[in-house]
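Student: Here's a structure for you.
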Amino acid sequence: MPFNLGAPELFLILIVALIVFGPGKLPEIGGTLGKTIREFRRTSSDLTAELTREARLLKDSASLETRPACPTCGAGVEGGAKFCGHCGASLTAKTP
Ligand SMILES: [Zn+2]
């Protein structure tokens with residue numbers, strides 16, 4: 001997160017805005033700022049959801065790679081196992 005805005009920072013920004021723009025324009029600026037922050041939060045939550053989805057897909061494909069299928073019955077077997085836990089066929093004989 002590039003911005004870590006707490007109450008003191010927001011207060012400081014409000015003071016600076018008051019000095020720069022004057023009290024007359026504050027409601028307008030506040031509205032624009034609120035819209036910008038809402039848009040930013042929506043975008044960042046979309047991004048977080050997207051990243052979470054991508055990470056889960058990566059994890060799924062990685063776990064599929066470490067769990068090869070038995071060449072005889074097609075059941076998933078432990079990585080490093082010598083015999084299929086499902087049908088008992090030798091995994092070292094047929095797998096390359
Ligand atoms: Zn098997």
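Since every read-out is calculated from the coordinates, none of them should be taken as a lab result. Please read all numbers here as calculations on a predicted model, not as lab measurements. Note that each Cβ is placed from the backbone with ideal geometry, even for glycine, and that neighbours are counted across all protein chains shown.
Student: As I understand it, the dipole of the stretch 7-94 uses +1 on the Cβ of Lys and Arg and -1 on the Cβ of Asp and Glu, about the Cα centre. Which of Ser44, His86, Leu57 lies farthest toward its positive end?
Tutor: Positive-end residue among those listed: His86.
Student: I need the phi-derived Karplus couplings for the stretch 22-29: 6.51 cos²θ - 1.76 cosθ + 1.60, θ = phi - 60°, integer Hz, Gly and Pro marked x.
Tutor: Residue by residue, the stretch 22-29 yields x, x, x, 8, 4, x, 5, 5 Hz.
Student: So, one more: Treating only the Cβ atoms of Lys and Arg (+1) and Asp and Glu (-1) as charged, compute the dipole magnitude of the chain about its Cα centre; round to the nearest 20 debye.
Tutor: With only Lys, Arg, Asp and Glu charged at Cβ, the dipole is about 180 debye.
Student: Also, quick follow-up: Give the residue list of chymotrypsin sites (Phe, Trp or Tyr not before Pro) in the stretch 1-44 that are DSSP loop and have at most 11 other beta-carbon atoms within 10 angstrom.
Tutor: Phe3
Student: Using only Cα atoms and rounding to the nearest 10 degrees, what angle (0 to 90) does helix 7-21 make with the longest principal axis of the chain?
Tutor: With both axes taken from Cα atoms, the answer is about 40 degrees.
Student: Also, I was wondering about something else. Quick one: what do you get for the chain if you divide its Cα Rg by 2.2 N^0.38 Å?
Tutor: Relative to the 2.2 N^0.38 Å estimate, the chain comes out at 2.27.
Student: On to the next question. Just to confirm my numbers, what's the Cα centroid distance between the stretch 42-64 and the stretch 1-33 in Å?
Tutor: 34 Å
Student: Something else about it: Can you tell me, using C-alpha contacts under 8 Å and at least 6 residues apart, the relative contact order of the chain as a whole percent?
Tutor: 11 percent
Student: Given springs between every Cα pair under 10 Å in a Gaussian network model of the chain, which of Leu47, Leu18, Leu58 has the largest fluctuation?
Tutor: In this elastic network of the chain, the residue with the biggest mean-square fluctuation among Leu47, Leu18, Leu58 is Leu18.
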